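The values are calculated or read from the model by the stated rules, or taken from the named source; none is laboratory data. All values reported here derive from a predicted model rather than from experimental measurement. Cβ coordinates were reconstructed from backbone atoms using ideal geometry, including for glycine residues, and neighbour counts include every protein chain displayed. Ligands, DNA and RNA are excluded from the accessible area calculation, which covers all protein heavy atoms including side chains. Shrake-Rupley method; radii C 1.70, N 1.55, O 1.52, S 1.80 Å.
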Amino acid sequence: MKSFPNNLFNRIDMNSIPHQEFIQNNYEVLFERIKLVSYMLIFTYPCFFIVDFFLFNKLSSPTFKFNLSAIHIIGLLISLIFLFIYHFYKNLSKRIVVTCYILCYLLIGAASSINSQLFTGNIYSYIIILLGVGVFFPVQPRNLLILFLGIHIFFITGLYLIEHEHFSFLSKAINSTGTLVISFLIALSFYSFRKNDFSNKMKLKRNEENFRRLFNLHPNPIFLIRLDNDEILLMNRHASEYYHLQCTDTTPLDGKFLFKSEEEKHNIIGRLKEQKSIKNYCVQQQITPDLRKWVMLSLELVDYLDEACILIGVTDITDLKKNEEELYKHASFDMLTGVLNRRSGLELLSQQLSAGSESQEFIICYIDINDLKKTNDLFGHSTGDDLIKTCCDTINHHITNKDVLFRLGGDEFIIVFFQKQMKDVQQHVKNIKRGFEEINGTKQKPYSISASYGFYHYKPGTVITLEKILESADQEMYKEKCVHKRAKVRTKPTSKSNRTVS
């Protein structure tokens, strides 16, 4: 219970801080306004001088003329004194200076209207000053009310002493009092409006400070860029370090480097205007001339200080992409030879067949390595693996980038030739065979390399299954393999008992 009063007083103090800031700010604004009014009076004083000493020179009421001249000179002196204070004594309390200046002008307006009773009988000066103070100098309502009441009592008293006609006095007293009330209400409205505007600006400033604080505390690189010209308004420390950026007030940075191309940027902005946000947008960025990284962008369309902006969060996924590439490589490529594996190769052919009329013409070459089992039995499986890799390297060396080689399984491989005729394919196969023969000729391998080949020519529109294509090519390959086996049997040396002795 003892802590309650302290908490209450703390809350009152916290609430009074913005109010005191507004009062100080309001007096600073009014201080500047008084400077403008003072300059205006100084420049308009020649007109008052002409009126006082030339136009009213032959006026029959010297008291009115003297009082009017004195009022104008006093107004000039007050303006000169204020300008002197403004330029040489700015440390003086602006509250006191502004209050004294308003009091002087109210006195001048009241004295001018009282003086007018000697000649014109109107109270226009007082009414104009009241309205002018209400519009241009809305100080704290309590202080203004005190000033208004004090000056109005002085004015009514002076008017009563000079205006002898009862009804004229009542009419002017009522009109001036009504003007005072209206002027006070105008000042109160302007004061309340400025106070609310100041409060909203302070809240906006605090929100902006909190936003900047949270912005800088974000653990990942984050940017705030203008929607219309890509200028970077804010970026945190992580962003400047990650992209090696240095931002100065004189050279604002352009955020175009966050997008791969101008077309991509326009597409993203179009999506943002429709969806307001884009999550997990992956793109490869050129961080430095020698460094490229994969990043994932999260983009939000936001309003910042009444401007349409894009809030962009950046997450580095370079390591994730590397792991993804490794996984793809393991899933799509044969680990022994480095060529596409069975799943990827068959998927490629299936896509071509399912494309229908849009499919490409291709020729497949079914390859079976000869005598792999014999090599394994004689020299071991490591030598057999070397035979397979040597065959793949030779085949890859003699096909083009448009052609695809994949391992069907064991010692069987498929070459898919795109955009080639059979005579071109036959030439490639001849080059492959020649490559094998060159390796055999070097005698660097313990084995002899050769393979059997079978072909199938697919043309778009042909109704056939993938299994049938592979079966047809396999049958062609098997025919050549049979020929190879018969040739080996014919060239096999005869036993010693069957040789003819010369």
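Per the conditions (1) surrounded by 15 or more Cβ atoms within 10 Å (Cβ to Cβ); (2) touching a helix residue (DSSP H, G or I) at 6+ places or on another chain (Cβ under 6 Å); (3) polar (S, T, N, Q), the sole criterion not satisfied by T99 is (2). Looking at V339, V314, which is the one that is modelled with pLDDT of 90 or more and farther than 30 Å from I388 by Cα? After applying the criteria, what remains is V314. Quick check: anything in region 155-164 open to solvent by 30 Å² or more (accessible area, probe 1.4 Å), free of Cβ contacts under 8 Å to residues at least 40 places away in the same chain and under 54 Å from the mean Cα position of the chain (by Cα)? For region 155-164, residues open to solvent by 30 Å² or more (accessible area, probe 1.4 Å), free of Cβ contacts under 8 Å to residues at least 40 places away in the same chain and under 54 Å from the mean Cα position of the chain (by Cα): absent.
When region 453-474 is filtered for residues that are open to solvent by less than 50 Å² (accessible area, probe 1.4 Å) and not in a helix (DSSP H, G or I), the ones remaining, listed by number, are Y453, G454, F455, Y456, Y458, I464. Anything in region 120-154 that is assigned to a helix (DSSP H, G or I) and touching a residue at least 60 places away in the same chain (Cβ under 8 Å)? List them, or say none. Listed by number, the list holds a single entry, F136.
Quick one: which of R194, R213, R206 is under 25 Å from P18 (Cβ atoms) and exposed (fewer than 11 other Cβ atoms within 10 Å of the Cβ)?
R213
When the residues of region 319-335 are filtered to those that are in contact with a strand residue (DSSP E or B) (Cβ under 7 Å, 6 or more places away or on another chain) and closer than 29 Å to S472 by Cβ, which remaining residue is surrounded by the fewest Cβ atoms within 10 Å (Cβ to Cβ)? Checking each candidate, the answer is S332.
Looking at G410, G380, which is the one that is under 16 Å from D334 (Cα atoms), without any contact (Cβ under 8 Å) to a residue 60 or more places away in the chain and not charged (D, E, K, R)? Spell out how you get there, then give the answer.
Values: G380 fails: under 16 Å from D334 (Cα atoms).
The conditions single out G410.
Might you let me know whether region 207-221 holds any residue that is farther than 30 Å from N122 by Cβ, part of a helix (DSSP H, G or I) and in contact with a helix residue (DSSP H, G or I) (Cβ under 6 Å, 6 or more places away or on another chain)?
Filtering region 207-221 down to residues farther than 30 Å from N122 by Cβ leaves 207-221.
Among the residues that remain, those that are also part of a helix (DSSP H, G or I) are: 207-217.
With in contact with a helix residue (DSSP H, G or I) (Cβ under 6 Å, 6 or more places away or on another chain) added as a condition, the list becomes none.
No; the residues of region 207-221 include none that is farther than 30 Å from N122 by Cβ, part of a helix (DSSP H, G or I) and in contact with a helix residue (DSSP H, G or I) (Cβ under 6 Å, 6 or more places away or on another chain).
Set side by side, the residues G338, G345, G356, G313 differ, and just one is in contact with a Ser or Thr (Cβ under 6 Å, 6 or more places away or on another chain) and open to solvent by less than 90 Å² (accessible area, probe 1.4 Å), which is G313.
Of the residues I74, I108, the single one that is open to solvent by less than 80 Å² (accessible area, probe 1.4 Å) and either in contact with a helix residue (DSSP H, G or I) (Cβ under 9 Å, 6 or more places away or on another chain) or touching a residue at least 24 places away in the same chain (Cβ under 8 Å) (or both) is I108.
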